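The values are calculated or read from the model by the stated rules, or taken from the named source; none is laboratory data. Small disclaimer: the values here were computed from a predicted structure and weren't measured. Positions of Cβ are generated from backbone atoms using ideal geometry, with glycine treated the same way; all protein chains shown enter the neighbour counts. SASA here: full protein model, heavy atoms, side chains in, ligands and nucleic acids out. Shrake-Rupley method; radii C 1.70, N 1.55, O 1.52, S 1.80 Å.
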Amino acid sequence: MFSKETYQNRRASLKKTMGSGLLLFLGNDEAGCNYAGNTYPYRQDSTFLYFFGQPYAGLSAVIDIDDDREIIFGDELTMDDIIWMGTQPTLQEKCASAGIRELMPASAVTDYLKKAQQKGQTVHYLPPYRPEHTLKLWNWLGVLPNEEKASAAFIQAVVNLRNYKSEEEIAEIEKACLITADMHLAAMRAIRPGVYEYEVVAAIESVAAAQNCALSFPIIATINGQTLHNHYHGNKVKSGDLFLVDAGAETTLCYAGDMSSTTPADHRFTAKQADIYSIQTAMHDRSVEALRPGVTFEEVYDISARVMIEGLKGLGLMCGDTEEALASGAYALFYPHGLGHMMGLDVHDMENLGEVYVGYGGRPKSKQFGRASLRLGRTLEPGFVHTIEPGIYFIPELIDQWKAENKYSGFIDYEKVETYKDFGGIRNEEDYLITETGARLLGKRIPRTVEEVEAFRD
């Protein structure tokens, strides 16, 4: 945990922004994997962690602004718990470490909330994303499933605090990024013809475990990079394959790193691979050069797409006017996702609160294919931490569908594209902090250009 003053100051800022009402925080519970006693790895709700710092199951909390009370609801460990889990600080001691002096039994939250409703207090809550959240809102507030009305004011207040990373948060994210870089270097050393994807996964996981870190999301490690989130790891690597890894570390304080790398199975890229890889590198470099306060991330995304269009035109895969190809969405055949996302306590920071609030400052997102997947589009400000991850993909099913529909035929040479259907996909990703004057790479740079990757593989 950070110091108790950190959590006290965060709660004070939140109360000042909200002004009145009761703020309800739903902690996460344990979830059984295949029976109650065999649980999935536990992870506390990130907003609960941000304001209360308690990584334990079975807790909820309120900030009662009107009555000037901050309460955590939970139960002390029983003797059976201690026998099973070992000696721990008392819940009172745990809460005191975050500056919380008032503790009530877990069951008392129901009466507290009902009395608040009877008094006419406004009870604010955030969007539920787990089944127990929905059930608690039903039991505690009488909110029926699928009828939850999360507080927009509460969401905006939380986003406007969590989007701006403090120095201690940046240090923790940087720690995660350094370990994440080492995870990717281990993967690049392990990749070769004849190994299985799961062997590369083992090398990645061992680096995180050796640094007492969890994974910030399930590892993507695949020879089928054209599938954006491929979690199958059973393929054998062959000569000529490209191997895409997307993986990140999560520190003990639950801050995330997130990087991607693409490596040839052999020590050298083929000529075709090097051509596409170099375009992706140029997309990445031009995006990073554009990062600074006052620029919208959507502008940076457009820069990356223009670079790709121009590069693919040079290879005969695209044609026509670059600006028209960008405006029409034709480029999304090869680039069907966004350029990056906010990062912090969540690898996609606060995605449960809604991209419109987190990534767009409340304005609506585009619905155009490709651009609709851009999670971050707002004006960049100092303190933002986000990823840069342009990609180029050849997805056979999407190519077949667009070709059959003769879609964007004025911008795409489908006969040429057909010769790339077995290519796969390329994505490289880094994490950046927006500073007062530009942007700073978090962690360390790993080999990313064709020349750097091939030199590392020698």
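For every residue, the table says whether it meets (1) assigned to a helix (DSSP H, G or I); (2) among the acidic types (Asp, Glu); (3) open to solvent by less than 10 Å² (accessible area, probe 1.4 Å).
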site: 260; (1), (2), (3): no, no, yes
site: 277; (1), (2), (3): yes, no, yes
site: 280; (1), (2), (3): yes, no, yes
site: 285; (1), (2), (3): yes, yes, no
site: 288; (1), (2), (3): yes, no, no
site: 299; (1), (2), (3): yes, yes, no
site: 307; (1), (2), (3): yes, no, no
site: 320; (1), (2), (3): no, no, no
For this session: Determine the pairs where a residue that is farther than 22 Å from residue 50 by Cβ, located within the stretch 95-116, has a partner that is outside any helix (DSSP H, G or I) and open to solvent by 70 Å² or more (accessible area, probe 1.4 Å) with Cβ atoms under 7 Å apart, the partner being 6 or more residues away or on another chain.
Result: 105/75
Exercise. Within the bounds of the stretch 107-115, is there any residue that is open to solvent by less than 40 Å² (accessible area, probe 1.4 Å), at pLDDT 95 or above and among the basic types (Lys, Arg)?
Worked result: no
Problem set entry | Residue within the stretch 131-139 that is under 32 Å from the mean Cα position of the chain (by Cα) and of a type in the set (D, E, K, R) present | yes
Problem set entry | Tally, over the stretch 11-23, of residues that are in contact (Cβ under 8 Å) with a residue 40 or more places away in the chain and either open to solvent by 20 Å² or more (accessible area, probe 1.4 Å) or in a loop (DSSP other than H, G, I, E, B) (or both) | 7
Exercise. Out of the stretch 178-225, which residues are polar (S, T, N, Q) and at positive phi?
Worked result: 212
Exercise. Give me the pairs: first residue in the stretch 64-91 and open to solvent by less than 40 Å² (accessible area, probe 1.4 Å), second residue of a type in the set (Phe, Trp, Tyr), beta-carbon distance under 7 Å, and six or more apart or on different chains, which are they?
Worked result: 72/52
For this session: Kindly indicate which of 166, 216 is within 30 Å of residue 435 (Cβ to Cβ) and exposed (fewer than 15 other Cβ atoms within 10 Å of the Cβ).
Result: 166
Problem set entry | Filtered residue count, the stretch 118-133, keeping only those that are assigned to a helix (DSSP H, G or I) and under 17 Å from residue 350 (Cα atoms) | 1
For this session: Would you mind telling me which numbered condition in (1) surrounded by 15 or more Cβ atoms within 10 Å (Cβ to Cβ); (2) of a type outside the set (A, V, I, L, M); (3) under 21 Å from residue 341 (Cβ atoms) residue 243 fails?
Result: (3)
Exercise. Out of the residues in the stretch 24-62 that are closer than 23 Å to residue 113 by Cα and hydroxyl-bearing (Ser, Thr, Tyr), which is surrounded by the most Cβ atoms within 10 Å (Cβ to Cβ)?
Worked result: 60
For this session: Please name all residue pairs, on different chains or six or more residues apart, with Cβ atoms under 6 Å, provided the first residue is in the stretch 294-316 and is touching a residue at least 60 places away in the same chain (Cβ under 8 Å) and the second residue is part of a strand (DSSP E or B) and open to solvent by 10 Å² or more (accessible area, probe 1.4 Å).
Result: 296/379
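Taking the stretch 262-273, which residues are surrounded by fewer than 16 Cβ atoms within 10 Å (Cβ to Cβ) and touching a residue at least 40 places away in the same chain (Cβ under 8 Å)? Outline the logic, then answer.
The first filter runs over the stretch 262-273 and keeps only residues surrounded by fewer than 16 Cβ atoms within 10 Å (Cβ to Cβ), leaving 267-268, 270-272.
267, 268, 272, listed by residue number.
Among 176, 214, 208, 171, which is the only one that is closer than 18 Å to residue 343 by Cβ, among the hydrophobic types (A, V, I, L, M, F, W, C) and in contact with a Pro (Cβ under 8 Å, 6 or more places away or on another chain)?
Details: 176 fails: in contact with a Pro (Cβ under 8 Å, 6 or more places away or on another chain); 208 fails: in contact with a Pro (Cβ under 8 Å, 6 or more places away or on another chain); 171 fails: in contact with a Pro (Cβ under 8 Å, 6 or more places away or on another chain).
Every option except 214 fails the conditions.
Within the bounds of the stretch 358-371, is there any residue that is within 22 Å of residue 173 (Cα to Cα) and surrounded by fewer than 23 Cβ atoms within 10 Å (Cβ to Cβ)?
Initial filter on the stretch 358-371 (within 22 Å of residue 173 (Cα to Cα)): 358-359.
Subset that is surrounded by fewer than 23 Cβ atoms within 10 Å (Cβ to Cβ): none.
No, because not a single residue in the stretch 358-371 is within 22 Å of residue 173 (Cα to Cα) and surrounded by fewer than 23 Cβ atoms within 10 Å (Cβ to Cβ).
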